[in-house]
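These notes are about the structure you will find just below.
Each reported figure results from applying straightforward, stated rules to the coordinates on display, with no laboratory input. As the structure is a computational prediction, the values presented were derived from the model and not from experiment. Reconstructed Cβ throughout: ideal geometry from the backbone, glycine too, with neighbour counts over all protein chains shown.
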Amino acid sequence: MEIISMSLDDEILADLNSIQKKLGFKSRSKLLSATIQSLLNEYKVMESLKGHIDAVFMLTYKESEKNNISDVLHGFEDCIKTEVHQHHVGICMEVLIVCADAKRQRELFGLLKKQKGVRSVTCSVL
């Protein structure tokens, strides 16, 4: 097993420690391994998609990043058929119905996952 190191800001570290205790993980390493495995599984599902896909994306992000997220979404106007936006105390939530080929769906998913300020991105294939 290889040991890696990573830098986390104080807020994320505090949240990580809290979640570790609440979920009963014996170490942060075990919690991070489970989290990484979840991301890998999500990625594998996205990679397995083929052909035309109808999907529902749900994302949450810091309101301060709304312009950056909006810029990304504008690049997908051709395949975003419905968009619902909700505000809640500094956090925005978007629900998107996206109809496009699998490659385009993966592209949107990847761009959203790596955007600054994004808290979560989920995709459910219809």
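For the reader, a short list of remarks on this structure follows.
- All positions within the stretch 101-114 that are among the hydrophobic types (A, V, I, L, M, F, W, C) and either surrounded by fewer than 16 Cβ atoms within 10 Å (Cβ to Cβ) or touching a strand residue (DSSP E or B) at 6+ places or on another chain (Cβ under 7 Å) (or both): Ala102, Leu108, Phe109, Leu112
- Filter pass, Val84 being in contact (Cβ under 8 Å) with a residue 40 or more places away in the chain and of a type in the set (A, V, I, L, M, F, W, C): no
- Scanning the stretch 33-65 for residues that are among the hydrophobic types (A, V, I, L, M, F, W, C), out of contact with any helix residue (DSSP H, G or I) (no Cβ under 8 Å at 6 or more places or on another chain) and surrounded by 13 or more Cβ atoms within 10 Å (Cβ to Cβ), we see that the one that is farthest from Val89 (Cα to Cα) is Val56.
- Val72 of a type in the set (Val, Ile, Thr) and either surrounded by fewer than 12 Cβ atoms within 10 Å (Cβ to Cβ) or out of contact with any strand residue (DSSP E or B) (no Cβ under 9 Å at 6 or more places or on another chain) (or both): yes
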